[in-house]
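Below is one structure, written out as structure tokens, with a few remarks after it.
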């Protein structure tokens, strides 16, 4: 029943020890920084990545192409394993579409007639995607089949809530999320946006507050409105090289909601290239998203 592999991508921002412990396969998106290309096989330490951004380096990112996805899928299928790939949001990257093209080509070639390959759009990002993968992993380890896990993911993926804020509006401006005038004015008066990922998997601004501390508190306040009726035995937090702030958000969630289990990790460079140092994101199950 469990003769299958769960695959995701490095946009899920899961810690390396988690990936190893649960034997996940990872499809790697890349980025270019200071003329050098980095990916999962040629990484740069996150702290160094964000330090370079603070000093003016501007990274660019690339999605996975169909050939890369096909190669990764084939390596798993050659092991005699079925594959469930939970992909980075199609609303933020073409990677999921590339994976779908690769899966279609493999099916048409007929090299693996007895194997299953399922590609799911998580409509999630960072540790929101990671939380969805975590739920899938728990189901697999409880003995659920690939089909059962895929069905659960499809039914519940829009319950994965993403609440986050950024410290520097100019990175959102570079990504086309806010105007230059908004970035300049917001920086002058210390405005911090509150954002989320919507049902189409897009990054959307939903509010703004003045001051860093208030922006962090607002993430937890919004969580309190969304978690009613949902169990959250674990909550995930990702950060753009601001661990002290992540611990502050963790403390608030512990005190207010009694959550005991957390995964805290960096916002990886491929997402961090667009959100910048100081990004803070909170992920849990709730409604409305």
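So the values come out like this:
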quantity: Positions within the stretch 216-235 being more than 20 Å from the chain's Cα centre (by Cα) and closer than 25 Å to residue 92 by Cα, in sequence order; calculated: 218
quantity: Failed item in (1) touching a strand residue (DSSP E or B) at 6+ places or on another chain (Cβ under 8 Å); (2) under 18 Å from residue 198 (Cα atoms); (3) assigned to a helix (DSSP H, G or I), with residue 149 passing the rest; calculated: (2)
quantity: Residues satisfying the stated conditions in the stretch 221-246, i.e. within 17 Å of residue 280 (Cβ to Cβ) and outside any helix (DSSP H, G or I); calculated: 235, 236, 237, 238, 239, 240, 241, 242
quantity: Failed condition for residue 258, given (1) surrounded by fewer than 17 Cβ atoms within 10 Å (Cβ to Cβ); (2) under 26 Å from residue 52 (Cβ atoms); calculated: (2)
quantity: Residue within the stretch 195-208 that is part of a helix (DSSP H, G or I), without any contact (Cβ under 8 Å) to a residue 60 or more places away in the chain and more than 15 Å from the chain's Cα centre (by Cα) present; calculated: no
quantity: Residue 218 being modelled with pLDDT of 95 or more, in contact with a strand residue (DSSP E or B) (Cβ under 8 Å, 6 or more places away or on another chain), assigned to a strand (DSSP E or B) and buried (at least 17 other Cβ atoms within 10 Å of the Cβ); calculated: no
quantity: Yes/no for residue 281 being part of a strand (DSSP E or B) and crowded, with 20+ Cβ neighbours inside 10 Å; calculated: yes
quantity: In the stretch 26-62, the residues that are touching a helix residue (DSSP H, G or I) at 6+ places or on another chain (Cβ under 7 Å), buried (at least 19 other Cβ atoms within 10 Å of the Cβ) and within 30 Å of residue 117 (Cα to Cα); calculated: 27, 29, 31
quantity: Strands (runs of 3 or more DSSP E) lying entirely in the stretch 47-127 (those with 1 or more residues that are more than 30 Å from residue 204 (Cβ to Cβ)); calculated: 82-87, 117-121
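Conditions (1) under 29 Å from residue 276 (Cα atoms); (2) surrounded by fewer than 17 Cβ atoms within 10 Å (Cβ to Cβ); (3) at pLDDT below 95; (4) in contact with a helix residue (DSSP H, G or I) (Cβ under 7 Å, 6 or more places away or on another chain), marked per residue:
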site: 66; (1), (2), (3), (4): yes, no, no, yes
site: 77; (1), (2), (3), (4): no, no, no, no
site: 104; (1), (2), (3), (4): no, yes, no, no
site: 119; (1), (2), (3), (4): no, no, no, yes
site: 122; (1), (2), (3), (4): yes, no, no, yes
site: 140; (1), (2), (3), (4): no, no, no, yes
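The values are calculated or read from the model by the stated rules, or taken from the named source; none is laboratory data. The structure displayed is predicted, hence computed values, not measured ones. A quick note on method: Cβ atoms are made from the backbone with ideal geometry, for glycine too, and the neighbour counts reach across all protein chains shown.
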